[in-house]
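Chemist: Pasting a structure here, questions to come.
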Amino acid sequence: MKIEAVSYSIPYISVSMLIPLIFSLMIAFLKESYAKILALISASLNFLLSLYMIFLFDFSNTESVYFYESYPIIEELNISFSVGFDGLSMLMFILTTLVSLVAIIWSLRDNQINHRLKEYYLAFLLTESFLIGVFASWDLISFYVFYELTLIPMFFVIGIWGYKLRLYSAYKFFIYIFVSSLFLLAGIGGIASQHYKQFGEFSFNYFDLLSNEYGLYLEIFLFLLFFIAFAVKTPIVPFHTWLPDAHGEAPTAGSVVLAAILLKMGTYALLRFNIGLFPEASKFLFPFLALLGIFSIVYASWMTIVQKNIKRFVAYSSVSHMGFVVTAMFLLNKVGFKASIMEMFAHGLTSASLFMIAGFIYNRLHTFNMDNLRGAVKFMPVFAVIVAITGFASMGLPGGSSFWGKFLTILSAREYGMDLATLVIVGGFFSAVYVLYMLKTLFLDVKEESVLVHFADVRGAKLLSFIGVIIPIFMVGFLPFLFFAFYENFIEFFIANILNR
């Protein structure tokens with residue numbers, strides 16, 4: 001299948017990947033005292049570049065691939081460094097640069113980050129560069145390489161700057177993702193081999209592989225190889241058990257990047273590769289996968305409510321939100337795809353804010369125990385407003401970023417009948433319950449005023465980090481058409497030319 005690829009005189013994507021790499025080298029060779037400012041400059045430049053690239057992007061033709069670059073690596077196997085952005089990947093690119101900047105701003109004043117600053121900021125800049133490679137890649141080998149590379153810096157972030165069980169959590173995170181990725185590698189080899197059998201040449205280019213034809217059982221088998229890898233990354237119940245440990249022990253900025261961007265690698269890949277490359281298998285399996293998504297919502301919601309550690313509380317809430325993304329995606333209709341992509345972006349914002357809330361409370365109270373957080377925000381009015389905005393947005397109230405994802409998921413399910421829509425509504429109810437429980441604990445439960453009144457309210461770099469996600473939360477809630485514009489045409493093209501080809 002041929003899709004229009006638009007190139008520019010400046011290789012913008014390569015530049016966006018090189019900026020953090022160049023600043024990483026500067027951090028490595030200069031004094032440690034320069035690490036913070038260099039990381040901040042790098043993340044700021046990349047975020048500004050992503051905003052500039054929006055103005056170069058043609059919103060009337062979002063199914064095309066813009067900023068396209070292709071450089072051969074192994075010509076005999078048709079392996080190349082092929083990158084570009086369509087509407088879906090462009091939105092993920094903006095989320096990546098925004099959250100990376102927010103995480104670095106937060107780290108400037110994080111008490112947990114007080115040693116080995118060079119390595120810390122270098123790890124975050126490398127992660128940003130690799131993430132851009134993941135969302136921009138159109139060659140499956142390049143995608144796999146960047147997908148795996150994101151593991152390494154995050155492993156060190158959790159293992160070095162995390163909390164008490166950091167080493168156990170870091171190894172668990174690495175083993176789960178690495179082992180599951182072997183299924184992805186096997187799947188890539190399988191579809192490349194099928195391409196060779198059918199066309200007489202190897203290719204790992206996404207658009208070439210769209211031409212492959214499979215028998216149903218072979219397609220289901222290849223689908224499941226990809227699905228296992230991405231289900232662990234997303235994560236979907238029962239592949240989720242690494243996430244609470246990784247989140248619970250990671251430093252605040254590590255949890256922010258992990259929840260807001262790294263989890264989206266899984267959902268992005270499910271849509272791009274599982275549904276895109278295996279449409280018949282997707283149609284055959286969609287009832288089971290949609291129900292699995294609903295089960296994830298309900299199960300993770302109940303697990304969230306019983307958590308005593310606020311970071312694990314937020315971690316399980318992320319599993320619940322990813323259930324909405326997966327459910328909407330595998331309903332395989334236009335409204336469902338819109339809901340899925342919008343919820344990906346929205347969760348990136350609310351999860352970042354929730355983990356910063358947990359980190360801020362820890363800095364003040366030196367505990368993540370929910371029993372010790374009763375009434376913790378009463379005497380910090382600015383912080384209390386941020387908590388309320390984030391909580392209501394995460395719950396899915398109108399005006400918040402998650403409203404459109406959850407509302408459209410219900411509408412999408414309604415196309416298959418009221419029974420399925422009711423199951424989604426029930427899942428939404430349980431996801432609201434745990435947010436209300438958190439707000440009740442932080443606002444309404446009794447705590448002695450003398451214990452809390454002396455705590456300073458949020459300000460400085462931490463306030464700036466919150467503002468960096470609160471403003472987009474309101475933008476998604478009140479101006480959703482700005483975000484629909486990124487992928488409206490992409491979805492129509494995807495359904496007509498890939499899903500129903």
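The values are calculated or read from the model by the stated rules, or taken from the named source; none is laboratory data. Because the structure is predicted, anything quoted here is derived from the model rather than measured. Neighbour counts are summed over all protein chains in view; Cβ atoms, including those assigned to glycine, are modelled from backbone coordinates with ideal geometry.
Chemist: Could you give every pair whose Cβ atoms fall below 9 Å, whose first residue belongs to region 110-133 and is more than 17 Å from Leu49 (Cα to Cα), and whose second residue is part of a loop (DSSP other than H, G, I, E, B) and of a type in the set (Phe, Trp, Tyr), counting only separations of at least 6 or pairs across chains?
Modeler: What qualifies is Gln112/Tyr163.
Chemist: Filter region 131-150 down to residues that are part of a helix (DSSP H, G or I) and surrounded by 24 or more Cβ atoms within 10 Å (Cβ to Cβ), then give me how many there are. Walk me through it before giving the result.
Modeler: If we filter region 131-150 for residues that are part of a helix (DSSP H, G or I), which is where we start, we get 131-136, 140-149.
With surrounded by 24 or more Cβ atoms within 10 Å (Cβ to Cβ) added as a condition, the list becomes 131-132, 134-136, 140, 143, 147.
The number of residues fulfilling the criteria is 8.
Table: residues versus (1) at pLDDT below 90; (2) of a type outside the set (Ser, Thr, Tyr).
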position	(1), (2)
Asp245	yes, yes
Ala253	no, yes
Ile261	no, yes
Ala269	no, yes
Pro279	no, yes
Ser296	no, no
Ile305	yes, yes
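Chemist: Which numbered condition trips up Thr241, out of (1) modelled with pLDDT of 90 or more; (2) polar (S, T, N, Q); (3) more than 14 Å from Phe273 (Cβ to Cβ)?
Modeler: (1)
Chemist: Out of all the residues in region 58-69, is one or more under 25 Å from the mean Cα position of the chain (by Cα), closer than 30 Å to Ala461 by Cβ and touching a residue at least 60 places away in the same chain (Cβ under 8 Å)? Before the answer, list the steps.
Modeler: From region 58-69, those under 25 Å from the mean Cα position of the chain (by Cα) are 58-59, 61-69; that's our starting set.
Next, from what is left, pick out any that are closer than 30 Å to Ala461 by Cβ: none.
No, because not a single residue in region 58-69 is under 25 Å from the mean Cα position of the chain (by Cα), closer than 30 Å to Ala461 by Cβ and touching a residue at least 60 places away in the same chain (Cβ under 8 Å).
Chemist: Further, regarding this structure: Of the conditions (1) under 17 Å from the mean Cα position of the chain (by Cα); (2) at pLDDT 90 or above, Thr234 fails just one. Which one is it?
Modeler: Tallying (1) under 17 Å from the mean Cα position of the chain (by Cα); (2) at pLDDT 90 or above, Thr234 fails exactly one: (2).
Chemist: Which members of region 398-422 meet the condition of being in a loop (DSSP other than H, G, I, E, B), touching a helix residue (DSSP H, G or I) at 6+ places or on another chain (Cβ under 6 Å) and either surrounded by fewer than 24 Cβ atoms within 10 Å (Cβ to Cβ) or acidic (Asp, Glu) (or both)? Talk me through it step by step, then tell me what you get.
Modeler: Step one: list which residues in region 398-422 are in a loop (DSSP other than H, G, I, E, B), which gives 398-401, 415-417.
From what's left, touching a helix residue (DSSP H, G or I) at 6+ places or on another chain (Cβ under 6 Å): 399-401.
Selection gives Gly399 alone.
Chemist: Further, regarding this structure: Scan region 183-201 residue by residue and report those that are among the aromatic types (Phe, Trp, Tyr) and either surrounded by fewer than 16 Cβ atoms within 10 Å (Cβ to Cβ) or within 16 Å of Ile3 (Cβ to Cβ) (or both). Outline the logic, then answer.
Modeler: Step one: filter region 183-201 for residues among the aromatic types (Phe, Trp, Tyr), giving 183, 196, 199.
Hits for region 183-201 are Tyr196, Phe199.
Chemist: Can you tell me which residues in region 296-308 are in contact (Cβ under 8 Å) with a residue 40 or more places away in the chain and surrounded by fewer than 18 Cβ atoms within 10 Å (Cβ to Cβ)?
Modeler: Trp302, Ile305, Lys308
Chemist: Next question, about the same structure. Is there any pair with a first residue in region 389-404 that is under 17 Å from Phe481 (Cα atoms) and a second that is among the aliphatic types (A, V, I, L, M) and part of a loop (DSSP other than H, G, I, E, B) whose Cβ atoms are under 8 Å apart and which are 6 or more apart or on different chains, and what are they?
Modeler: Listed pairs, sorted by first residue: Phe403/Leu397.
Chemist: Does Phe288 qualify as being at pLDDT 90 or above and in contact with an Asp or Glu (Cβ under 6 Å, 6 or more places away or on another chain)? Steps first, please.
Modeler: Numbers: at pLDDT 90 or above: yes; in contact with an Asp or Glu (Cβ under 6 Å, 6 or more places away or on another chain): no.
When the stated conditions are applied, Phe288 does not pass them.
Chemist: Every residue in region 20-52 that is surrounded by 17 or more Cβ atoms within 10 Å (Cβ to Cβ) and touching a residue at least 60 places away in the same chain (Cβ under 8 Å), please.
Modeler: Result: Pro20, Phe23, Ser24, Ile27, Ala35, Lys36, Leu38, Ala39, Leu40, Ser42, Ala43, Asn46.
Chemist: So how many residues does region 270-285 have that are aromatic (Phe, Trp, Tyr) and under 22 Å from the mean Cα position of the chain (by Cα)?
Modeler: Residues of region 270-285 aromatic (Phe, Trp, Tyr): 273, 278, 284.
In the following step, the residues that additionally are under 22 Å from the mean Cα position of the chain (by Cα) were identified as 273.
Qualifying residue count for the region: 1.
Chemist: Are any residues in region 106-121 part of a helix (DSSP H, G or I) and either surrounded by 24 or more Cβ atoms within 10 Å (Cβ to Cβ) or at positive phi (or both), and if so, which ones? Outline the logic, then answer.
Modeler: Of the residues in region 106-121, the ones part of a helix (DSSP H, G or I) are 106-107, 117-121.
Passing the criteria: Trp106, Ser107, Tyr120, Tyr121.
Chemist: Looking only at helices (runs of 4 or more DSSP H) that lie completely in region 223-273, which have at least 3 residues being aliphatic (A, V, I, L, M) and farther than 18 Å from Gly323 by Cβ?
Modeler: Details: elements: 242-249, 252-257, 263-269.
Correct list: 252-257.
Chemist: Quickly run through region 325-379 and pick out the residues that are of a type in the set (Ser, Thr, Tyr), over 18 Å from the mean Cα position of the chain (by Cα) and in a helix (DSSP H, G or I). Even if it seems obvious, please write down each step before you answer.
Modeler: Just the residues of region 325-379 that are of a type in the set (Ser, Thr, Tyr), to begin with: 327, 340, 350-351, 353, 362, 367.
When the remaining residues are screened for being over 18 Å from the mean Cα position of the chain (by Cα), the result is 362, 367.
Passing the criteria: only Tyr362.
Chemist: Does Ser89 count as in contact with a strand residue (DSSP E or B) (Cβ under 9 Å, 6 or more places away or on another chain), surrounded by fewer than 23 Cβ atoms within 10 Å (Cβ to Cβ) and either modelled with pLDDT under 95 or in a helix (DSSP H, G or I) (or both)? Talk me through it step by step, then tell me what you get.
Modeler: Values: in contact with a strand residue (DSSP E or B) (Cβ under 9 Å, 6 or more places away or on another chain): yes; surrounded by fewer than 23 Cβ atoms within 10 Å (Cβ to Cβ): no; either modelled with pLDDT under 95 or in a helix (DSSP H, G or I) (or both): yes.
No: the conditions fail for Ser89.
Chemist: Given (1) within 23 Å of the chain's Cα centre (by Cα); (2) at pLDDT below 95, where does Ser42 come up short, assuming only one miss?
Modeler: Of (1) within 23 Å of the chain's Cα centre (by Cα); (2) at pLDDT below 95, only one is false for Ser42: (2).
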